[in-house]
Amino acid sequence: MKKKMLKRFIPLVVCASFMVSGCQQAGQSAATDQAMKTASVVKKVEANVYKGKVVGVSNKAKTISIEVGKGDKAKTIMVKFNDQTKGVEHASKGHAAIIKYEVVGTDKIAVEVKPKLAKLPKGVTEVQPDYVAGLVTQGVEKGNYFLVDSRPAGRHHEGTVPSSVSIPVPKITKEGALAVLPKDKTRELIFYCGGPT
Amino acid sequence: MSTKSAGLAVKAGYTNVKVMLKGVPGWKKSGRHVVASTKHVKDGNIVLVDLRQSSAYEQGHIPRAYNVPFVDMEDLEDDLPSRKSAPVVFYGTGAEKAYKYVSKLGYKKTSVYQQGLDGWVAQGNTLATGAAPEEITWKRILGKGEVTVATFNKVADGESGSVILDVRTKDEVGSGMFANAIHVPLDEIQAKMSQVPKDKKVIVHCTTGARAEMAYKELKAAGFDAYYLVADIECEEGECEVADE
């Protein structure tokens, strides 16, 4: 699906660059023009933002379904997209996204889709899969690491990184870090979940 | 999420705390396999594949396992369920290579039972003996709001009290629709909701089930008695049918 989207996007990019050069020939500053456009778009949609998990994307119907709110208040909202929508490739089922939209008649049209990125708490650094793989190859004892799968237990059972321990977020919240983590506080702890959600 | 747990660890005094932000999807994308637990192998709705030679399989294998010897791995392309959501679990020598092969075929929920036969037995589980089943039979468990093909066909045949809602595009509908169906493309569902009956069960379909599920959620939120079908739909010369799995 991603490949298809990319193909669709290339002509767009090409068109856009033609338009920009066209503007310059007409004696206008393309940069100013672009800045003005962006500014007006931002102003218009400032209040209209959905953050949540994308639960469906249809390229045929050009719609994105996004789940917003938590618990009982969670609801699914459908937003349309079109050729002007930026970053549609970031709308992928099961991943968190931030959608800026504007209301046109009864429709909500996405202006821009951005991936929702996790913020690292203070004192925590990010590691890449390659780094974790290096430790996993050494094994828990030699590597002296403690790998924690923070997802719900069911997901852990279905398929996880070798040598990991299942500690779902509600468990560590309820029982406290000291009760579920190793005694040695200098041991390397690595947490992961189902990707940036 | 993992960052929250990591934050709690730092607060509790741990000094070497890291997060693999890319998570399991990033791990898989980097070309590495994931492992399944013994519980999943025992209770999960999975396609368990023993990769050893038939003679070894017949002497003792994990109950429910199919047998596709590693040398015949490429047969899996034809043998596995057509649905790519089928969770395939491998054990035996070559499991990691088989995982890669099957993942490339598009099976996204594939895993390796790394503990294998020895781990299974060591945890006090019994083995089964005898010849392997001739073919893989696996049935997907229906999701919330999903109907079976049989239920859908009954409504398509005119069962009263229910109606089919076709959410495909106008172009797609040009090659045919089910009897007893109304048509509202997914992108017009909000504007045209009044065309959907509120006093009947509404069963939504598209061509695969993806758009149907999205429409189902919209309808459900608006108070409709809605359901949806996940299946391939083929239409030709005005006639539609649900393709066999």
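Read the figures in this text as sums done on the coordinates, not as results from a lab. Worth saying up front: this structure is predicted, and the values here are computed from it rather than measured. So basically every Cβ, Gly included, is an ideal-geometry build from the backbone, and we count neighbours across all protein chains shown.
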Handout entry: Fraction of antiparallel bridges per DSSP, the protein assembly as shown only, in percent to nearest 5
Key = 45 percent
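Among A:ASP130, B:ASP171, B:ASP225, which comes first, then next, by fewest other beta-carbon atoms within 10 Å?
Neighbour counts put them in this order, fewest first: B:ASP171, A:ASP130, B:ASP225.
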Practice task
Summarise the partner chain shielding of A:54-66 as one whole number: the mean count of Cβ atoms from other chains within 10 Å of each residue's Cβ.
Solution key: 6
Fill in the blank from the handout: Ordering B:100-109, B:59-68, B:129-138 by per-residue average of other C-beta atoms within 10 angstrom, highest first, gives B:59-68, B:100-109, B:129-138
Practice task
Arrange the following residues from fewest to most other Cβ atoms within 10 Å of their Cβ: B:MET177, B:MET193.
Solution key: B:MET193, B:MET177
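Would you mind checking the pairs A:LYS75/B:LYS18; A:LYS60/B:LYS220; A:LYS60/B:LYS217; B:LYS108/B:LYS154; A:LYS62/B:LYS220 and listing those with alpha carbons more than 25 angstrom apart?
A:LYS75/B:LYS18; B:LYS108/B:LYS154
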Practice task
Provide A:THR63, B:THR148 in ascending order of the number of other Cβ atoms located within 10 Å of each residue's Cβ, fewest first.
Solution key: B:THR148, A:THR63
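How big is the dipole moment of the protein assembly as shown about its Cα centre under a simple scheme where the beta carbon of each Lys and Arg is +1, that of each Asp and Glu is -1, and everything else is neutral? Debye, nearest 20, please.
2660 debye
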Handout entry: Reach of B:LYS170 by Cα under 20 Å, taken over aspartates and glutamates that are not fewer than 8 positions away in the same chain
Key = A:ASP83, A:ASP107, B:ASP187, B:GLU188, B:GLU213, B:GLU218, B:ASP232, B:GLU234, B:GLU236, B:GLU237, B:GLU239, B:GLU241
Practice task
Estimate the FRET efficiency between A:GLN138 and B:ALA131 by the formula 1/(1 + (r/R0)^6), using the beta-carbon distance for r and 51 Å for R0, to the nearest 0.05.
Solution key: 0.80
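Per residue of chain B, what 222 nm ellipticity follows from adding -39500 (n - 2.57) for every DSSP H run with n ≥ 4, rounded to the nearest 500?
Roughly -8000 deg cm²/dmol at 222 nm, from the helical runs in chain B.
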